[in-house]
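The values are calculated or read from the model by the stated rules, or taken from the named source; none is laboratory data. This is a predicted model, so every value here is computed, not measured. Note: ideal-geometry Cβ built from the backbone for every residue, glycine included; neighbour counts use all protein chains shown. Heads up: the accessible areas ignore ligands, DNA and RNA and are worked out on the full protein's heavy atoms, side chains in. Shrake-Rupley method; radii C 1.70, N 1.55, O 1.52, S 1.80 Å.
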Amino acid sequence: MKLSAALLLVVATATTNAFAFAFTPALAPAAVRRHATNSVCLNAAAAAAERSPEDEAFFAKTKELCKERNLILSNIKNARDLASVRGSPVQPGRMFRTGRVSDASEADLKLLFDELGMRTLVDLRSPTELKDDLTVDRDAVFGDFTNLIWDERDNGVVRELRVGEPRMKKKDEKNPFKKFARKDKAGEDAAEVSANVDDPGCLLMSTVDLVAVTSESDGDDELVVEVSPESVAFMDDDDDDDDDENDEAEAEDGKKRKKRFVKVYQPGTIIEDKSRDSRKERHFVSIMNELKYVKGTVSKVRKRDIVKVLIKSPGALVSKRVRSSIKEPFLDQINGGGLPMLNELLLRYGAPGIRYVLDLCKDRSRHPIAFYCTAGKDRTGMIAAIMLATAGVPEEDIVEDYSLSANVYAEMGDHQAMVGALSQRNLDAKTFLGAPPQVMRDTLANINENWGSVEGYLDWMGFNADDRAQLKSALLDP
C-alpha cells in the first residue's frame, strides 16, 4: 500500500507541530501562546487543585531531591551531575545533564566553566529548535568553543564550523516546494514546480512520486513505513543543507565567500584527532526531528484509519473541517501513547545520534561533558538513563533521577502559555509536561522486551562490548 506525497504532507502537518510542542512547548509560536487564554489553558492553581495527595507527595519529594542534587544555577534548568544519582558509581565532575545553556547568567558561566571546567557541550536539539533560539550563538557562552555538526544524512560525517560562522544559515525562501524545486537537478519537473508554486493542484501532481512505502508488519492491523530519500529531502525539517556550503563559492555580488566549514571528519574518525585535546567543543547532534516522529506515528496507526485518511486527503486542501478530522487518528495515537511512545520512537529512530553521543562520552579527554536539549527532560533523560544503566545503576534509581525533571516546565515563567499551546493542538499538557516515574519504568521495560537489556539495545545500535568498556572506564575509573 502506498501513501502519496499529498497524504504524507497532510499527515506531516497534522503531527509535526504536535511533536514540536510535545517535546518543546516553550518554543511554540508566540502567536499561539498569546492566544492561549484562560479558557483553554490550565493555570497553576487549577493544575494544583487536580493533583491527588499522591501527586502532591511526589512533587514535594522531587522538589527536595532537586535542591539536594541540582547545580545552583539561576538561568539553566534541570542541571545535575550523573554522580549525584542514588546508587551511581560515576566519578563526580565528569558527566552532566542539563537544560539548554544559552541563557546562562554570569554566575552560571562562572560555575560551569571556571569551577567545573566544562570542556564539551552536546546540543541534542533539532534545527527547528535552534532556529527559534535567539541565543544559540551567544558569544558570552560559546565564544571560545569550536562548533561541530554531526550529520546523520551523510552517514555521520562531522563538520567543523569556521570561527564566527553562525550555527543556522539565513534562509531567503520559506516555501518548501521551492526548496524541492531547487534540489531537483533534472530540469523540467523542477521548472514546472517552481513556475506553479501557488497552484495546489499542480503541487500535488508534481509531487506524486514522493511516497512513503508501507508494508504490513507482524502486528495486527499495523503499517511499517519507509520514507523514500526524495520525500526526506522534501519534508526534512533539518533544512541545513550544510554540506552545500563546504567549499568556496561565488556570492550574488561576485565576491568569494568564506568557507562555512574548515574541516570535515569522516564517520567514526573524529576521536582519532588528538589536536582536539586542548580545545573546548560544542557538538550539535540532532538525534530526532519532526519527520522521524511523523514516520514513527504513521507506522502505529491502524490500516483502516490510514484508508479513511487517504479517502479524505484531497479535501484537506480546501476544508478546515476535513483537515481536523484527518488529524484525529494521529493525535489519538500521540495522546494515547504519551511519553512512553515518544521514548520508543526516540530509541529506534534516534539510535545513530545516541551512539555518536556515547562515543563522545567514552573519550575521557573530552570530559567534563554536559549534554542537553531544551528542558533536559526527554532526550537528555534518555541518554542519561542509558549511561546510568551502563554504569550499573539500579533501575529504580534511574527512574528517580528521571522523575526529578517533573517540575522543570512548571518552574518556567511562561508555563501557562505552554499549556495553552499544547491544548490548542489537542495535546494533553499534563502528559507531555510531566516526568512521572512510570514513564521511565515503561521505557526500561520496553528496552528489556525488545532488546533483552540496555546492553542488548546498545549492541543493536552498534555500540559494542569494547565501546561499553571504554564508556565505563571513562565514567568510573578514578
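See the values below:
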{"quantity": "Scope segment 142-169; condition part of a loop (DSSP other than H, G, I, E, B) and more than 21 Å from the chain's Cα centre (by Cα); matching residues", "calculated": "143, 144, 162, 163, 164, 165"}
{"quantity": "Flag if residue 400 is assigned to a helix (DSSP H, G or I), touching a residue at least 60 places away in the same chain (Cβ under 8 Å), open to solvent by 10 Å² or more (accessible area, probe 1.4 Å) and closer than 27 Å to residue 68 by Cα", "calculated": "yes"}
{"quantity": "Identity of the residue in segment 362-382, out of contact with any strand residue (DSSP E or B) (no Cβ under 6 Å at 6 or more places or on another chain) and in a helix (DSSP H, G or I), that ends up nearest to residue 81 (Cα to Cα)", "calculated": "381"}
{"quantity": "Condition met for residue 157 (closer than 27 Å to residue 93 by Cβ, open to solvent by less than 20 Å² (accessible area, probe 1.4 Å) and touching a residue at least 12 places away in the same chain (Cβ under 8 Å))", "calculated": "no"}
{"quantity": "Any hit, segment 60-76, residues being more than 23 Å from residue 364 (Cα to Cα) and acidic (Asp, Glu)", "calculated": "yes"}
{"quantity": "Within segment 338-396, considering residues that are touching a helix residue (DSSP H, G or I) at 6+ places or on another chain (Cβ under 8 Å) and acidic (Asp, Glu), the one nearest to residue 119 (Cα to Cα)", "calculated": "363"}
{"quantity": "Selection count where residues are open to solvent by 20 Å² or more (accessible area, probe 1.4 Å) and out of contact with any Gly (no Cβ under 9 Å at 6 or more places or on another chain), scope segment 443-455", "calculated": "8"}
{"quantity": "Set 462, 392, 413: member being over 19 Å from the mean Cα position of the chain (by Cα), modelled with pLDDT of 95 or more and open to solvent by 40 Å² or more (accessible area, probe 1.4 Å)", "calculated": "392"}
{"quantity": "Residue list for segment 339-362, filter: of a type in the set (Asp, Glu) and either at pLDDT below 95 or open to solvent by less than 20 Å² (accessible area, probe 1.4 Å) (or both)", "calculated": "344"}
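Yes or no, residue by residue, for (1) open to solvent by less than 20 Å² (accessible area, probe 1.4 Å); (2) modelled with pLDDT of 95 or more; (3) within 21 Å of the chain's Cα centre (by Cα); (4) of a type in the set (Phe, Trp, Tyr):
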site	(1), (2), (3), (4)
64	no, no, no, no
85	yes, yes, no, no
97	yes, yes, yes, no
105	no, yes, no, no
108	yes, yes, no, no
123	yes, yes, yes, no
129	yes, no, yes, no
136	yes, yes, yes, no
140	no, yes, no, no
